[in-house]
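What follows is one structure encoded as structure tokens, with my remarks underneath.
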Amino acid sequence: MGGSMFADKKRSRGSKQLLKIFWSFIGKDLKVLLLLVSVIIVLYTIAATYQPIVLANAIDVTIDNPVIDVILTLTLIYLGLSILVWIFQSANVWFTSILSSRFIDNIRKKAFEKLVDADMSYHHKQQSGNITSRVINDSQEVATGLTVFTGTSSQFLLIFATLIVLGDISLYFIFIALLAVPAAILITKFIGTIGKKRMLQVRQAYGKVSGQLAENLAGITIAKSFNQEERTSKVIRDLNYETYGYMKQLGVIFMLVFPSISFVATILTVLVLIVGGVISQNDPFMTIGQIYLATVLVTRFLMPIIQLSNNFTQLQASLAALDRIVDVIEAEPGIKDSDDAQALELTRSEIAFNDVSFAYAKDTQVLKKVSFTIPSGQKTAIVGHTGAGKTTITNLIMRFYDPMSGNILVDGQDLKNITLDSLYDQVSYVSQDPYLFAGTVIDNIKYGKPSASDDEIYKICELIGADQFIDALPLGYETPLQESGKSLSSGQRQMITIVRTMLSDPKILILDEATSRLDALTESLVQKAQFMLFEGRTTVIIAHRLSTIRDVEQILVVDDGELIERGNHEELYSLKGKYHELYETYYSHQGIETLAD
């Protein structure tokens with residue numbers, strides 16, 4: 001029932017195709033493990049079937065001819081079979097867990113590798129929560145299907161063995177056992193409709209509580225500043241009460257289901273006793289031990305039938321989850337190397353846009369026939385209102401997307417004919433929102449150049465002044481960072497990303513105003529080192545601060561997807577156009593009266 005919430009999702013692939021894909025995820029080592037699990041299931045079924053047979057024989061011997069040696073032998077055999085059942089059952093759980101975990105690992109590796117290689121258009125179109133769900137939850141769902149499949153095999157074998165033994169005693173007992181089928185179907189249908197709906201509501205309610213709790217904790221500062229702690233707590237209390245209501249309804253369902261199973265088992269037992277009693281009056285070979293055996297097997301027949309019905313629902317859910325994972329794995333990247341792509345060879349690092357047009361969505365152009373040249377080794381700032389197309393230009397240079405028309409050249413080489421690996425070896429991007437990975441400070445810095453020595457890192461950190469706050473951390477460069485580096489200030493996180501970029505030593509540098517989160521003092525410490533980094537590199541900056549605009553050789557003014565002005569500050573300011581408007585609106589208030597200062 002764990003994955004029933006996905007069972008109703010329409011699949012785009014047939015069951016036969018999905019089963020073939022499912023089998024492909026099971027590598028050679030897992031196939032050996034699966035074979036071992038299958039052997040264990042067979043041995044378990046044999047031991048579990050013979051266990052009540054031995055006990056039935058012991059009962060008959062005790063009643064008819066109580067020979068102590070025979071009774072002792074049968075008792076030891078029964079005890080041995082019980083131990084074997086325990087061993088096989090434990091081994092089945094153990095090896096199935098290993099099989100499931102390795103299977104999940106195989107799926108997640110393939111899915112994650114595909115996501116890492118996917119172009120940015122894919123990630124921007126997908127919700128991060130949805131992608132995470134596909135990699136984590138859906139892979140778990142598929143692995144659950146594998147576990148259920150092995151369990152289903154065990155149930156089928158147990159049912160088959162039970163029918164054989166019952167048939168050997170009397171065909172009447174087979175008919176009584178088959179009466180469990182309609183009862184099991186009714187119980188399963190009840191669980192699969194009302195129970196499934198309530199379980200889904202409980203899971204959704206848990207999700208709401210989890211999401212709201214995460215949101216409230218993330219915004220605890222705002223809640224306290226507005227004195228809204230009680231209101232925040234009330235929201236959680238209301239959601240908890242809603243969850244409690246669904247849980248209570250689910251409890252009522254279980255309260256009805258389990259006693260119903262016991263009641264059906266009781267009825268079957270009564271029928272076996274009545275029929276067995278009638279048969280024994282006319283058949284001297286019908287013994288009390290056989291009636292006992294029939295009672296055990298008939299009642300044991302009920303649970304496998306119920307489990308098989310539930311397993312079918314789970315298997316359907318697992319196939320639906322597999323279908324979603326395959327969507328990720330088989331997704332073709334929109335941006336990939338062409339067949340004749342060549343490695344990027346930089347000599348001048350000049351960037352040229354020639355009549356470039358681009359749209360994220362059809363009929364909504366973000367850039368319209370934009371043409372410009374960013375000279376080698378110079379700093380170019382891109383300015384404009386929000387949504388003007390500034391970030392899109394940098395995304396195209398990074399080839400996160402391809403233009404709809406026109407082309408982008410780097411040293412005369414069309415980006416579409418350049419291998420992505422060689423492009424990213426030469427170009428570095430520093431975003432406005434710094435991101436740090438789980439690990440130590442020095443691990444995050446080395447992300448830009450894994451082979452870098454500690455001395456290289458210390459030198460760069462000292463150059464920009466980052467060593468001051470890093471040395472002050474509890475373990476210095478070996479200090480573990482909390483989630484996304486939240487134990488550091490925004491400025492400190494940004495400085496680490498700048499060090500990381502400087503360490504990679506790119507030929508082309510793209511910055512979404514990497515110093516925008518630094519205070520004036522910290523920014524002043526970074527500025528000198530930044531300009532040393534800019535020296536001799538082609539640098540593209542989405543500018544938010546006056547200090548950046550003041551020192552660039554070229555400014556590109558973008559408005560509504562069009563390049564409307566270009567030049568340095570003095571040239572553009574004197575035009576009294578869009579740049580003049582932007583400067584007076586956004587930049588002049590930053591406290592610097594003239595650029596000459």
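The values are calculated or read from the model by the stated rules, or taken from the named source; none is laboratory data. Because the structure is a prediction, the values reported are computed rather than measured. In this analysis, Cβ positions are derived from the backbone assuming ideal geometry, glycine residues included, and neighbour counts consider all displayed protein chains.
Couple of notes before you dig in:
Conditions tested, residue by residue: (1) farther than 23 Å from residue 490 by Cα; (2) part of a loop (DSSP other than H, G, I, E, B).
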site: 366; (1), (2): yes, no
site: 388; (1), (2): yes, yes
site: 394; (1), (2): no, no
site: 421; (1), (2): yes, no
site: 445; (1), (2): no, no
site: 448; (1), (2): no, yes
site: 457; (1), (2): no, no
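- Residue check for residue 454: surrounded by fewer than 16 Cβ atoms within 10 Å (Cβ to Cβ), among the acidic types (Asp, Glu) and under 29 Å from residue 350 (Cβ atoms): no
- Residue 278 vs. criteria in the same structural domain as residue 53 (by TED's automatic domain parsing), within 54 Å of the chain's Cα centre (by Cα) and either touching a residue at least 40 places away in the same chain (Cβ under 8 Å) or surrounded by 12 or more Cβ atoms within 10 Å (Cβ to Cβ) (or both): no
- Filter pass, residue 399 being surrounded by 15 or more Cβ atoms within 10 Å (Cβ to Cβ) and closer than 23 Å to residue 534 by Cα: yes
- Taken together, the residues in the stretch 84-97 that are within 14 Å of residue 38 (Cα to Cα), surrounded by fewer than 17 Cβ atoms within 10 Å (Cβ to Cβ) and among the β-branched types (Val, Ile, Thr) amount to 1.
- Residue 207 within 36 Å of the chain's Cα centre (by Cα), modelled with pLDDT under 75 and assigned to a helix (DSSP H, G or I): yes
One line per residue, one yes/no per condition, for (1) in a helix (DSSP H, G or I); (2) under 18 Å from residue 152 (Cα atoms); (3) touching a helix residue (DSSP H, G or I) at 6+ places or on another chain (Cβ under 7 Å):
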| site | (1), (2), (3) |
| --- | --- |
| 13 | no, no, yes |
| 34 | yes, yes, yes |
| 39 | yes, yes, no |
| 49 | yes, yes, yes |
| 75 | yes, no, yes |
| 79 | yes, no, no |
| 83 | yes, no, no |
| 89 | yes, yes, yes |
| 108 | yes, no, yes |
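- Any hit, the stretch 417-427, residues being over 16 Å from residue 506 (Cβ atoms), buried (at least 18 other Cβ atoms within 10 Å of the Cβ) and assigned by TED's automatic domain parsing to the domain that holds residue 560: no
- Residue 6 buried (at least 16 other Cβ atoms within 10 Å of the Cβ) and at pLDDT 75 or above: no
- Residue within the stretch 376-390 that is out of contact with any helix residue (DSSP H, G or I) (no Cβ under 7 Å at 6 or more places or on another chain), in contact (Cβ under 8 Å) with a residue 60 or more places away in the chain and of a type in the set (A, V, I, L, M) present: yes
- Candidate set from the stretch 320-368 (those that are on the phi > 0 side of the Ramachandran plot and under 39 Å from the mean Cα position of the chain (by Cα)); member that is surrounded by the fewest Cβ atoms within 10 Å (Cβ to Cβ): 363
- Residue in the stretch 515-522 that is under 24 Å from residue 393 (Cα atoms), small (Gly, Ala, Ser) and at pLDDT 70 or above present: no
- In the set (1) in a loop (DSSP other than H, G, I, E, B); (2) modelled with pLDDT of 80 or more, residue 501 fails one condition alone, (1).
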